[in-house]
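Chemist: Sharing a structure with you now.
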Amino acid sequence: MEKITSFTIDHLRLLPGIYVSRRDHAGNTAITTFDIRMTRPNFEPVMNTAEVHTIEHLGATFLRNHPEYQEKVLYFGPMGCRTGFYLLLAGDYESKDIIPLIRDMFCFIRDYEGDVPGAAARDCGNYLDMNLPMAKYLAGKYLREVLEQITEERLIYPAD
């Protein structure tokens, strides 16, 4: 069986950043999958489920309400390895195209106050597994260390 594309990326050289993971088509519509990598795989600790869950709720809320992108967002959710998130957008994009969107999303998460959207038993299957303070901390760290001075090496997967 052939390895899927995500398993062919050298995770020992992968830095936190924003990467185009793949491009697909559904009929005539291009779909771009982004790898929003928040921690360095196999070098840094992974994120705990509570903060991942909180970032997922806040990020999805932000994206689905964004005036320009709300109709283009197909999915936003965590990677199983807990080092980042996938964002699927309808359209053919490069990583640099969505830097402003991702910056705004992480500013929204970092600055968020109040109840986490959807963090209630009626709305979520695991609503108690949330950690807003840690989600805010991680969003701020990603903004400072990655997004505020993002370079090419954090926008294009490392070559073999």
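Chemist: Please identify the longest segment of the chain free of exposed chymotrypsin sites (Phe, Trp or Tyr not before Pro), where exposed means a DSSP state other than H, G, I, E or B and no more than 15 other Cβ atoms within 10 Å.
Modeler: Values: sites that count: F43, Y127.
The reported range is 44-126.
Chemist: Within the chain, which is the longest segment that contains none of the trypsin sites (Lys or Arg not before Pro) sitting in a DSSP loop with at most 14 other Cβ atoms within 10 Å? The partial results should precede the final answer.
Modeler: On the way: sites that count: K3, R13, R122.
Counting at most 14 other Cβ atoms within 10 Å as exposed, the longest clean stretch of the chain is 14-121.
Chemist: Under 20 Å from the Cα of K3, which aspartates and glutamates turn up, not counting those fewer than eight places away in the same chain?
Modeler: Result set, ordered by chain and number: D24, D35, D160.
Chemist: With point charges of +1 on the Cβ of Lys and Arg and -1 on the Cβ of Asp and Glu, referenced to the Cα centre of the chain, which listed residue (A119, A60, L155) lies farthest in the positive direction of the dipole?
Modeler: A119
Chemist: Under 10 Å, Cα contacts only: if you run a Gaussian network model on the chain, which one of I36, I55, I150 comes out with the highest mean-square fluctuation?
Modeler: Maximum fluctuation in the GNM of the chain, among the listed residues, is at I150.
Chemist: If you don't mind, there's one more thing I want to ask. How large are Rg and Dmax for the chain when only the alpha carbon atoms are used, in Å?
Modeler: 15.4, 47
Read the figures in this text as sums done on the coordinates, not as results from a lab. Note that the structure is a prediction, hence the values are computed from the model and not measured. Every residue, glycine as well, gets a Cβ built from its backbone with ideal geometry; the counts of neighbours run over all protein chains shown.
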